[in-house]
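A short write-up of the structure that comes next.
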Amino acid sequence: MTDQRIKIVELLIQRTGKGALPWETGFDDGTFKVDIGSNTVVIGEKKVSGRATIVVRLYNELGTLVESFNDEDLKDPEDSQHDYYWFSAMSDLLEAARRKALGADEVIQSIIDGLTEV
């Protein structure tokens, strides 16, 4: 049986890459959230014993935390060519969520437009 947490991460990566998810700033500094139906997904980075890990938290419609996992909880694919497969993938997801939530692409384009007009 495929780990459902892996399926969630894979779908988040896929939908975020297509620009289909409206990521927003999260509950805590450095976290980002997206509502999926009546539920919420939150992603952020956490230091564990001085080492970074990417944490995903799932909340139900009442705002109750129902699941929490990090990149180290997920089994790397057998064909993975490198260590820390899920850390890398989830770190990229976190960065994409951050850029979307903060409107980074729009800011960059606005700056380019402003500099072009000068």
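Every number here is computed from the coordinates shown, using simple stated rules; none is lab data. All values derive from a computational prediction rather than experimental measurement. Heads up, the Cβs are rebuilt from the backbone with ideal geometry, glycines too, and the neighbour counts pull from every protein chain shown.
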Hydropathy at least 0.0 by Kyte-Doolittle, axial extent at least 15 angstrom from the Cα trace: which helices of the chain, defined as entire DSSP H runs, fit? 4-17, 104-117
Within a Cβ distance under 14 Å of ASP113, other residues only, what is the Lys/Arg minus Asp/Glu net charge? -3
Paramagnetic reach from LYS18 (point 7 Å along Cα→Cβ, amide N under 20 Å) across segment 88-106: 90, 92-101
Using Stokes-Einstein with the Kirkwood hydrodynamic radius over Cα pairs, what translational diffusion coefficient do you get for the chain at 37 °C and a viscosity of 0.692 mPa s, in µm²/s rounded to a whole number? 212
Work from the charge dipole of the chain (Cβ charges, +1 for Lys and Arg, -1 for Asp and Glu, about the Cα centre) and give the residue of VAL9, THR53, GLY63 farthest towards its positive end. GLY63
Given the DSSP H assignment, sum -39500 (n - 2.57) over each helix run of at least 4 residues in the chain and divide by its residue total; what's the result at 222 nm in deg cm²/dmol, nearest 500? -13000 deg cm²/dmol
Determine the distance separating the Cα centre of segment 21-77 from the Cα centre of segment 95-118; give it in Å without decimals. 25
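What ranking do LEU94, LEU11 get, fewest neighbouring Cβ atoms within 10 angstrom at the top? Present the calculation step by step, with values, prior to reporting the outcome.
Values: LEU94 21, LEU11 13.
Listing LEU94, LEU11 from fewest to most nearby Cβ atoms yields LEU11, LEU94.
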What ranking of LYS7, LYS46 emerges when the number of other C-beta atoms within 10 Å of each C-beta is taken as an exposure proxy, fewest first? LYS7, LYS46
Summing +1 per Lys or Arg and -1 per Asp or Glu among the other residues with Cβ less than 15 Å from GLU61's Cβ gives 0
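How high is the relative contact order of the chain, in percent, with contacts defined as C-alpha pairs under 8 Å that are six or more residues apart?
Taking the mean separation of contacting Cα pairs over the length of the chain, I get 23 percent.
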